[in-house]
Amino acid sequence: MGIEEHRDWDSVDYTRLLSGDFFPPDFMWGVATASHQIEGGNTNNWSAFEPRSKSGQLSGDACDHWNRKEEDIQLIKNLNVSHYRFSIEWSRVEPQQGVWDEAAIQWYSDLVDQLHAKGIQPMATLHHFTHPLWWDEKGGFEKEDNVEDWIRFSVKMFEVLSDRVDWWCTINEPAVFASMGYVLGEFPPGERSFKKTRIVSTNLMIAHARCYQTLKSMEHGKRTQIGLVKNINLFDPYRRWNPLHRFQARLLDGMFNLCWIKGLMTGRFKAPSALRSKEIPGLKGSSDFIGVNYYTHLLATPFMPTKVDIDPLIRPWEERTDFRYPMYAEGLRRAFDMVSCLNLPIIVTENGVADDDDDMRPEHIRRHLQITGEAIADGMDIRGFYHWSLMDNFEWAEGYDQRFGLYHVDFKTKERTLKESGALYSEIVKAHRMPQVVILAGGLGTRLGERTKQMPKSLIEVSGKPILSHILDWTRTQGCMEALILTGHLGEQFDGFRHEGMALTFHQESEPLGTGGALWNARHLLQDRFILLWGDDLHPIDYGRLVAHHEQTSSPLTLTVTTKHDEMNLLHVDGKISQYDKSGSPPAEFNGYESGTSVVEKSVLLEHGKDGKWSWEETVYPNMSMKAIAHMDNTKFWDMGTPERLARLEEFLNKTSL
Ligand code: GAL
């Protein structure tokens with residue numbers, strides 16, 4: 001249960017949230033949604049239940065996301081996040097048993113492609129509270145035999161998407177699904193039966209375990225990360241000195257949190273209110289990560305309301321959210337502690353707040369990210385944070401009255417507007433994310449003999465894989481997640497090229513255009529700031545230091561300069577590049593060599609760029625005398641311009657793993 005801690009938040013210093021080093025460079029920054037809450041036009045167990053729900057509101061066309069997918073992906077992109085968690089609506093994919101709707105499947109496949117094209121990694125949830133009516137009529141999770149239908153759907157989607165989706169959530173919040181549907185009666189099927197709660201809970205765990213084991217055994221199964229999403233709701237005794245309150249808190253904690261976590265840990269599941277535990281085949285070790293959805297704590301007494309619409313007790317200093325439960329960020333750390341016994345990477349798959357006028361959400365974000373950053377600093381393995389939610393949406397039994405979005409949605413016009421909290425979140429994310437990587441990968445190896453006359457040098461294999469893959473390995477360790485690869489005029493040779501954990505975009509030319517021409521033609525794909533690399537050089541430097549230097553000097557262009565090279569090609573004075581000349585016979589005062597890896601503001605390209613064939617470095621560097629900054633770093637860079645250098649690089653890579 002953990003000790004109920006409270007902080008004096010007024011005295012907390014939030015400066016680290018914008019420092020850029022509170023979270024690791026490869027932290028997964030995301031936003032989350034679920035199909036039924038945003039898509040609109042769904043027919044499933046929820047749409048059938050809605051007339052009987054607490055608010056009586058119908059989901060109807062919701063955010064009309066089904067028809068606004070591209071616009072919404074752009075909204076995600078505008079938040080600077082690297083990841084997006086969505087759920088796949090089974091009732092669309094298999095509207096009747098055994099009948100697959102190929103158009104619906106294609107819609108999700110396009111969603112994934114369009115996310116990747118914008119450098120956003122998808123995370124797919126296979127069950128987020130909703131399922132088709134035909135399956136509900138068969139008894140849904142009340143019958144163990146039904147589980148195989150859901151597995152078939154999961155397999156189908158995994159077959160279609162797992163080549164492009166690395167992150168999968170099996171079931172969202174099984175304890176919420178079971179308790180809201182079968183204890184409190186607020187979710188479909190709206191029952192109050194402990195017996196059914198036990199059965200459904202057990203079947204949810206069976207389904208999760210089977211799903212995990214089945215998907216893991218499929219193609220791409222090993223590569224993908226599959227996990228369960230657990231809502232951690234903390235229960236604290238209202239009066240700590242009162243044994244009845246303590247008893248009640250422990251009881252609820254056991255039923256809502258611990259039995260599920262223990263089940264995952266041991267493979268034996270004791271369903272809420274069950275007397276005995278049951279071995280579930282494949283349950284032990286059935287998660288590659290644990291998804292934590294965290295919202296609040298509840299204060300326990302023996303007389304707690306069993307209806308959500310009666311205000312729960314809160315501490316006098318706590319602030320109520322629109323959902324009436326309090327904002328309690330300290331509990332997020334306790335949630336991490338609670339799941340840490342699983343020894344799994346932790347991902348915050350949901351955290352957010354119902355706040356109609358957005359006056360609480362900025363502080364809510366700051367507090368929960370502060371807690372997350374501190375937990376990481378303390379050594380906890382927390383990989384990511386997904387804000388719930390991208391935009392205001394259909395909040396289940398509460399209908400449209402509870403607004404959780406970073407974007408406000410006008411449900412009449414469907415217009416989306418960024419909230420102040422959304423701007424804050426994107427600012428924090430931006431401070432922690434590496435820029436886009438742009439790789440000039442089209443150059444041919446004129447000095448490498450026959451082998452690269454018709455093949456870009458970046459595709460030459462060194463130590464078992466193309467040099468480009470080694471370069472991307474390095475960019476990934478540095479926290480980069482998206483790369484634009486300028487393939488030159490032989491771009492078809494990159495067909496099918498992929499790199500795990502990175503979203504790649506390719507741009508091909510119809511004729512050789514040089515480095516400058518290739519950048520100019522791809523300018524619509526460039527972000528405002530990017531890291532520029534040469535596709536045939538491996539330059540394993542610390543990007544964090546380079547980008548920080550670029551930022552501190554407010555430079556439009558920062559070049560990495562080494563003094564350890566046999567020839568020199570530039571003169572740097574007071575930290576700035578004064579002259580550049582790569583003709584091969586440099587003046588004696590030249591004191592540095594441009595070693596690759598630079599940070600570029602797109603404005604530089606727009607100012608100096610032109611149509612046709614031209615060289616980036618020979619045009620831009622001389623033109624920017626005393627404007628471009630020199631980032632001094634003597635890390636060895638490996639180029640493969642000649643057969644001897646290629647052999648040395650091979651030797652280096654055989655010994656080192658990046
Ligand atoms: C979670 C649920 C989400 C969302 C959120 C806010 O339990 O997974 O779908 O509704 O709560 O209440």
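In the stretch 510-525, the residues that are not assigned by TED's automatic domain parsing to the domain that holds His116 form Cβ pairs under 8 Å with partners that are surrounded by fewer than 17 Cβ atoms within 10 Å (Cβ to Cβ) and among the polar types (S, T, N, Q), at six or more places apart or across chains, as follows: Gly514/Ser615; Thr515/Ser615; Gly516/Ser615; Gly516/Thr619. Residues that are within 20 Å of Phe336 (Cβ to Cβ) and surrounded by 20 or more Cβ atoms within 10 Å (Cβ to Cβ) were ranked within the stretch 217-231; the one that is nearest to the ligand (Cβ to nearest atom) is Asn231. The set of residues in the stretch 311-349 that are open to solvent by less than 10 Å² (accessible area, probe 1.4 Å), touching a strand residue (DSSP E or B) at 6+ places or on another chain (Cβ under 7 Å) and either closer than 20 Å to Gly384 by Cβ or outside the structural domain of Gly399 (by TED's automatic domain parsing) (or both) comprises Gly331, Leu332, Ala335, Phe336, Val339, Ile346, Ile347, Val348, Thr349. Scanning the stretch 1-24 for residues that are part of a loop (DSSP other than H, G, I, E, B) and among the aliphatic types (A, V, I, L, M) yields Met1, Ile3, Val12.
Please verify whether the stretch 13-20 includes one or more residues that are closer than 25 Å to Glu318 by Cβ, in contact with a Lys or Arg (Cβ under 9 Å, 6 or more places away or on another chain), at pLDDT 95 or above and surrounded by fewer than 16 Cβ atoms within 10 Å (Cβ to Cβ). No, there is no match, as no residue in the stretch 13-20 is closer than 25 Å to Glu318 by Cβ, in contact with a Lys or Arg (Cβ under 9 Å, 6 or more places away or on another chain), at pLDDT 95 or above and surrounded by fewer than 16 Cβ atoms within 10 Å (Cβ to Cβ). Whenever a residue of the stretch 158-178 is on the phi > 0 side of the Ramachandran plot, its partners that are within 16 Å of the ligand (Cβ to nearest atom) and not in a strand (DSSP E or B), lying with C-beta atoms within less than 8 angstrom and at least six residues away or across chains, give the pairs Glu173/Phe129.
Residue selection: Thr475 satisfies the criterion of being under 22 Å from the mean Cα position of the chain (by Cα), hydroxyl-bearing (Ser, Thr, Tyr) and at pLDDT 95 or above.
Of all residues in the stretch 585-598, those satisfying the criterion of being more than 22 Å from Leu519 (Cβ to Cβ) and either open to solvent by 60 Å² or more (accessible area, probe 1.4 Å) or at pLDDT 95 or above (or both) are Ser585, Ala588, Glu589, Phe590, Asn591, Gly592.
If only residues of the stretch 110-127 that are out of contact with any Phe, Trp or Tyr (no Cβ under 9 Å at 6 or more places or on another chain) and open to solvent by less than 10 Å² (accessible area, probe 1.4 Å) are counted, the one that is nearest to Leu504 (Cα to Cα) is Gly119. Being in the same structural domain as Met265 (by TED's automatic domain parsing) and within 12 Å of the ligand (Cβ to nearest atom) is the requirement here; does Ala354 meet it? The answer is yes for Ala354. Apart from one condition, Glu4 fits all of (1) modelled with pLDDT under 95; (2) not assigned by TED's automatic domain parsing to the domain that holds Leu369; the exception is (1). For the stretch 384-421, residues that are away from the ligand (no atom under 13 Å from the Cβ) and either crowded, with 24+ Cβ neighbours inside 10 Å or not charged (D, E, K, R) (or both) total 11. On the stretch given as the stretch 497-547, residues that are open to solvent by 30 Å² or more (accessible area, probe 1.4 Å), over 27 Å from Lys636 (Cβ atoms) and hydrophobic (A, V, I, L, M, F, W, C) total 3. Which ones in the stretch 563-573 are of a type outside the set (D, E, K, R), more than 41 Å from the chain's Cα centre (by Cα) and either exposed (fewer than 13 other Cβ atoms within 10 Å of the Cβ) or not in a loop (DSSP other than H, G, I, E, B) (or both)? Scanning the stretch 563-573 gives Leu571, Val573.
Does the stretch 25-34 hold any residues that are in a loop (DSSP other than H, G, I, E, B) and either within 11 Å of Val429 (Cα to Cα) or of a type in the set (Gly, Ala, Ser) (or both), and which are they? Steps first, please.
We begin by selecting, within the stretch 25-34, every residue in a loop (DSSP other than H, G, I, E, B); these are 25-27, 33-34.
If the condition is that a residue be in a loop (DSSP other than H, G, I, E, B) and either within 11 Å of Val429 (Cα to Cα) or of a type in the set (Gly, Ala, Ser) (or both), then Pro25, Phe27, Ala34 are the ones that fit.
The stretch 35-99 holds helices (runs of 4 or more DSSP H) entirely within its bounds, and those carrying 1 or more residues that are surrounded by 22 or more Cβ atoms within 10 Å (Cβ to Cβ) and among the hydroxyl-bearing types (Ser, Thr, Tyr) map to 35-38, 90-93.
The values are calculated or read from the model by the stated rules, or taken from the named source; none is laboratory data. Only a predicted model underlies this, so the values are computations on that prediction, with no experimental measurement involved. Glycine also receives a Cβ, built like all others from the backbone with ideal geometry; neighbour counts cover every protein chain displayed. Side chains are part of the model used for accessible areas, which takes the heavy atoms of the whole protein and leaves out ligands, DNA and RNA. Shrake-Rupley method; radii C 1.70, N 1.55, O 1.52, S 1.80 Å.
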